[in-house]
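K.L.:
Sending over a structure as structure tokens; questions will come in a sec.
The values are calculated or read from the model by the stated rules, or taken from the named source; none is laboratory data. Because the structure is a prediction, the values reported are computed rather than measured. Ideal geometry is used to build each Cβ from the backbone, glycine not excepted, and the neighbour counts take in all protein chains shown. Note: accessible area is taken over every heavy atom of the protein model, side chains too, but ligands, DNA and RNA are not part of it. Shrake-Rupley method; radii C 1.70, N 1.55, O 1.52, S 1.80 Å.
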Amino acid sequence: MKDFDAIIVGTGAGGGIVACVLAEAGKRVLLLERGQALSFTEVGRDHLRNQRLAIYGHNAGPDIEGNPRVFVDPLGISHIVKPHELDYHNNAACLGGGTRVYGAQAWRFSPDDFRMATKYGVPAGSSLADWPITYDDLEPYYERVEWELGVAGDGTALETQIPRKRSYPLPPVLPGPQTTALRNGARDLGWVVSPVPLLINTEPYNNRPACIECKYCVGFACPSDAKNGTQNTVIPRALASGNCELVVDAFAEKIETDASGKVIGISYLSKSSTAPQRQEARSKVVIISGGAIESARILLNSKSTHHQFGLGNEHDQVGRNLQGHLYPRAYGIMAHSVFNGVGPGVSIATTQFNHDNRGIVGGGMLADDFIKPPIDFWYDSLPPDLPRWGLRNKQFMRENYTRVLHVRGPVQDIPNPEGRVTVDQSVQDRWGIPVAKLSGTTHEETIIAAEFMRERAVDWLRASGCETVWSARPELMLSGRQHQAGTCRMGH
Amino acid sequence: MTELQQQTLQAVLDRVIPPDDFPGAWEAGVGNYLARQFEGDLASRITFYLAGLDGIEAEAMAGLGKHFVSLGPNEQDSILQRVESGKVTTSWTISPEEFFKLMVETAAEGYYSNPEQGGNLGAISWAMTGFSKYGPV
């Protein structure tokens, strides 16, 4: 059996970077990825089957069949869900994880994000806690990752709210007509705005070319390889070191422990999609970075005499506090086109409502949006009082696809310990491994913050020249999806 | 699909996305899109969908004594509005509202998604909306 200094499960934003840092430091690393190394062509440009709009399937894993989860709805009824269904809370499963198909906004946390329990107090029923580290602890690493992976932005514009020592390595994306409209609106409101930091090469960087400004950032792979994920930055570096063995299509089943309860390695299924074979690898260090849901699942499935509730779960904390981002949003119609067809499309943001909003715990960022394919626009962005069919619908699409201004942004999710991942022993995946079961909702304070931010989005659109504005009030639900976090807290 | 169902389908789709100086749903290939989907992702819904088309035809015959396809646009629209809101006058074997939602959404998918799906022939809706008119391809 092979022995490693570290075994890493998952090749996304967490695992990919850890693999690079350890391998370049001379450690022998086994890096496991459940999905495949997908080419640009394999990810494709299917408008109905991608990680942004997944009506009939998606393009970056996991396979639709054989990978169920259980979702418990607000009435307490369990449903078996497939990976492309909303209640599955999927994130991509392929080399690079979510970073293969993300939009690649590269926000830092702001200093107050690390001490929200101290700043606001803990709302009743919430598990809000301060981080055991501060912004200052993390700042040098933000800088390092921005420079090593490549982030385009304007540090000066953000400096007053999110302090930094060094600017971004790449200039921000160019403004478009939507940027100008929103910048004018923000000026009239007295709001501070900045370009949106993006992990996109606005100029050639790291021996890869610049962005060609296509319309397919979120949910798709980049045609010019100018979008920086782990698959084209840190993982190639890890492999080039000669110290990292990467195995794709390898499904991690269980963290193995010895008779004294200490971690000794991992068991996994190689060639998991075609001819699964159980393998074991040895290491005293096993790093689980498979996203908040699957990471919790592996820990909970790693039971033994010493760990009868799963690994690290003596206090019933693993899997709790599942959180993601509610995304308040609003739309408005401008008198003129605000669309120049130049991607990514997201270009201007305000972070001034991240904190210090009266009566609100936290707040959030607001920005314009990535270019939406017309069918996304049809599903997502039409006014609620517009008929869904007939000539009025068609003419709205024709007249307003280029005139609609979009503003949206994530709010800090206020954690609820009952929003959680458990394991359902009665439902198993294609390999017979018990699957993740998702239940509960985010905390009601999240809804209050989301409604506050929705109102700010409406303000911004009106100030920018939209006479007709529409948006839906946020609803209490479980949040997770592609921004999932929270199930394996530090310190527990 | 019978010839009558085919005619009803075409007539229904062309009220959902009617022709103006840009093609309607049928000319833009939404029928091709649906044919492909009913052999693939929507294979399990074909019986349901055909029951909906039969329901629309029955509404026309019961109310106006004519095939749906032979009615004028305003008469067709008022039948479709009834189906959309579930206020049908004949006895349906399926939920009219659920059928209508599926029918409208799949029509939009065929009209606005990428032409490789079988619809949106010549990427005509992308020219109409401006999606393909501006910026790099």
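K.L.:
Calculate the radius of gyration of the Cα atoms of region A:424-492 to one decimal place, then report Dmax, the largest Cα-Cα distance, as a whole number, both in Å.
P.N.:
18.8, 56
K.L.:
Compute the distance from the alpha-carbon center of region A:14-58 to that of region A:166-190, in whole Å.
P.N.:
So the separation of the two Cα centres works out to 31 Å.
K.L.:
Taking the Cβ-Cβ separation of A:ILE433 and A:GLU24 as r and a Förster radius of 35 Å, what is the calculated FRET efficiency to the nearest 0.05? Walk me through the intermediate numbers first.
P.N.:
On the way: r = 33 Å, r/R0 = 0.94.
For R0 = 35 Å, the calculated efficiency reads 0.60.
K.L.:
Counting pairs of Cα atoms in chain A, how many percent are more than 33 Å apart?
P.N.:
38 percent
K.L.:
Rounded to the nearest 10 degrees, what's the angle between the helix A:291-301 long axis and the longest principal axis of chain A, both from Cα atoms, 0 to 90?
P.N.:
Helix A:291-301 sits roughly 20 degrees off the main axis of chain A.
K.L.:
Per residue in region A:317-358, which ones lose no less than 20 Å² of accessible surface when going from chain alone to all protein chains (1.4 Å probe)?
P.N.:
Those residues are A:PHE339, A:ASN340.
K.L.:
Hey, what D do you get for region A:101-167 in µm²/s if you plug the Kirkwood alpha-carbon radius into Stokes-Einstein at 20 °C and 1.002 mPa s?
P.N.:
Details: Rh = 13.6 Å.
Approximately 157 µm²/s, per Stokes-Einstein.
K.L.:
Moving on to the next point. Based on alpha-carbon positions alone, could you give the equivalent ellipsoid semi-axes of region A:58-141 from the gyration tensor, as √(5λ), descending, whole Å?
P.N.:
Its equivalent ellipsoid spans semi-axes of 32, 23, 9 Å.
K.L.:
When ligands, DNA and RNA are left out and all protein chains stay put, how many square angstrom of accessible area per residue does region B:53-137 have with a 1.4 Å probe?
P.N.:
Here the residues of region B:53-137 average 43 Å² of exposed surface.
K.L.:
Let me ask something else. Jot down the radius of gyration and Dmax of region A:1-152, Cα atoms only, both in angstrom.
P.N.:
My reading of the Cα-based Rg and Dmax gives 19.1, 52 Å.
K.L.:
Got a number for the accessible area of B:TYR134? Probe 1.4 Å, square angstrom, nearest 10.
P.N.:
Here the accessible area works out near 80 Å².
K.L.:
Based on a Kirkwood Rh over C-alpha pairs, give the Stokes-Einstein translational diffusion coefficient of chain B at 25 °C and viscosity 0.890 mPa s in µm²/s.
P.N.:
On the way: Rh = 15.4 Å.
So the translational diffusion coefficient is about 159 µm²/s.
K.L.:
How high is the FRET efficiency from A:HIS315 to A:ARG115, r the C-beta distance, R0 35 Å, rounded to 0.05? Walk me through the numbers on the way to the answer.
P.N.:
On the way: r = 23 Å, r/R0 = 0.65.
The value I calculate is 0.95.
K.L.:
I've got another one for you. Tell me the trypsin sites (Lys or Arg not before Pro) within region B:7-79 that lie in a loop according to DSSP and have at most 14 other beta-carbon atoms within 10 Å.
P.N.:
Numbers: sites: B:ARG15, B:ARG36, B:ARG45, B:LYS66; in loops: B:LYS66.
Sites meeting the loop and neighbour criteria: B:LYS66.
K.L.:
Sticking with this structure for a sec: Please compare each pair in A:LYS119/A:LYS227; A:LYS165/A:LYS284; A:LYS82/B:LYS101; A:LYS227/B:LYS133; A:LYS2/A:LYS227; A:LYS82/B:LYS87 to a cut-off of 30 Å on the Cα-Cα distance and tell me which ones are over it.
P.N.:
Numbers: A:LYS119/A:LYS227 36 Å; A:LYS165/A:LYS284 37 Å; A:LYS82/B:LYS101 21 Å; A:LYS227/B:LYS133 24 Å; A:LYS2/A:LYS227 35 Å; A:LYS82/B:LYS87 33 Å.
Over 30 Å apart, Cα to Cα: A:LYS119/A:LYS227; A:LYS165/A:LYS284; A:LYS2/A:LYS227; A:LYS82/B:LYS87.
K.L.:
Evaluate E = 1/(1 + (r/R0)^6) for A:LYS303 and A:SER39, where r is the Cβ-Cβ distance and R0 equals 41 Å; express this FRET efficiency to the nearest 0.05. Present the calculation step by step, with values, prior to reporting the outcome.
P.N.:
On the way: r = 38 Å, r/R0 = 0.93.
For R0 = 41 Å, the calculated efficiency reads 0.60.
K.L.:
If I fit a long axis through the Cα atoms of helix A:135-145 and take the longest principal axis of the Cα atoms of chain A, what angle between them do I get, 0 to 90°, rounded to 10?
P.N.:
Helix A:135-145 sits at roughly 90 degrees to that axis.
K.L.:
For the interface of B with A, what's the total buried accessible surface in square angstrom, probe 1.4 angstrom, rounded to the nearest hundred?
P.N.:
On the way: alone 7420 and 21400 Å², together 25980 Å².
Protein heavy atoms only, the B-A interface buries about 2800 Å².
K.L.:
So, one more: Go through region A:116-177 and name the trypsin sites (Lys or Arg not before Pro) that are in a DSSP coil and have 14 or fewer other Cβ atoms within 10 Å of their Cβ. Write down the numbers at each step before the final one.
P.N.:
Details: sites: A:LYS119, A:ARG144, A:ARG164, A:LYS165, A:ARG166; in loops: A:ARG164, A:LYS165, A:ARG166.
Passing sites in region A:116-177 are A:LYS165, A:ARG166.
K.L.:
Using the Cβ atoms and a cut-off under 12 Å, what net charge is assigned to the surroundings of B:LYS66, where Lys and Arg are +1 and Asp and Glu are -1? The partial results should precede the final answer.
P.N.:
Details: positive: none; negative: B:GLU57, B:GLU59, B:GLU75.
Spelling it out: positives minus negatives among the neighbours equals -3.
K.L.:
Within 13 Å, Cβ to Cβ, of A:GLY190, how many net charges do the neighbouring residues add up to if Lys/Arg are +1 and Asp/Glu are -1?
P.N.:
Working: positive: A:ARG183, A:ARG187, A:ARG456; negative: A:ASP188, A:ASP459.
Surrounding charge for A:GLY190 is +1.
K.L.:
Under Stokes-Einstein, with the Kirkwood radius over Cα pairs standing in for Rh, what whole-number D in µm²/s applies to region A:200-246 at 20 °C and 1.002 mPa s?
P.N.:
On the way: Rh = 11.6 Å.
Stokes-Einstein gives a translational diffusion coefficient of 184 µm²/s.
K.L.:
With a 1.4 Å probe and all protein chains left in place, how much accessible area per residue does region A:312-411 have, in Å²? Let's see the in-between values first.
P.N.:
Numbers: 3190 Å² over 100 residues.
Counting only protein heavy atoms, the per-residue value for region A:312-411 is 32 Å².
K.L.:
Right, something else. How large, in percent, is the carbon and sulfur part of the accessible surface of the protein assembly as shown at a probe radius of 1.4 Å? Don't skip to the answer; put the middle values down first.
P.N.:
Working: 13620 of 25980 Å².
On the protein assembly as shown, the fraction of accessible area on carbon and sulfur atoms equals 52 percent.
K.L.:
Now a separate question. Roughly how many Å² is the accessible area per residue of region A:125-283, as a whole number, for a 1.4 Å probe?
P.N.:
On the way: 7010 Å² over 159 residues.
Solvent-accessible surface per residue comes out at 44 Å².
K.L.:
What GluC sites (Glu not before Pro) in region A:279-359 are in a loop by DSSP, with at most 15 other Cβ atoms within 10 Å of the Cβ? All intermediate terms of the calculation are to be shown ahead of the outcome.
P.N.:
Working: sites: A:GLU280, A:GLU294, A:GLU314; in loops: A:GLU314.
Those that pass, being in a loop and sparsely packed, are A:GLU314.
K.L.:
How long is the gain from A:LEU386 to A:ARG164 if the chain were fully straight, where each residue apart is worth 0.36 nm and the alpha carbon distance is subtracted? Let's see the in-between values first.
P.N.:
Numbers: separation 222, 0.36 × 222 = 79.92 nm, distance 4.54 nm.
In short, 75.4 nm is gained.
K.L.:
Could you check what % of the DSSP bridge pairs in the protein assembly as shown are antiparallel, to the nearest 5? Let's see the in-between values first.
P.N.:
Details: 42 of 57 bridges.
Restricted to the protein assembly as shown, the bridges split so that about 75 percent are antiparallel.
K.L.:
Which of B:LEU34, B:LEU42, B:LEU13 ends up with the largest GNM mean-square fluctuation for chain B, with Cα atoms connected below 10 Å?
P.N.:
The residue that fluctuates most here is B:LEU42.
K.L.:
Rounding to the nearest 10 and keeping the result within 0 to 90°, find how far the Cα-based axis of helix A:444-463 lies from the longest principal axis of chain A.
P.N.:
30 degrees
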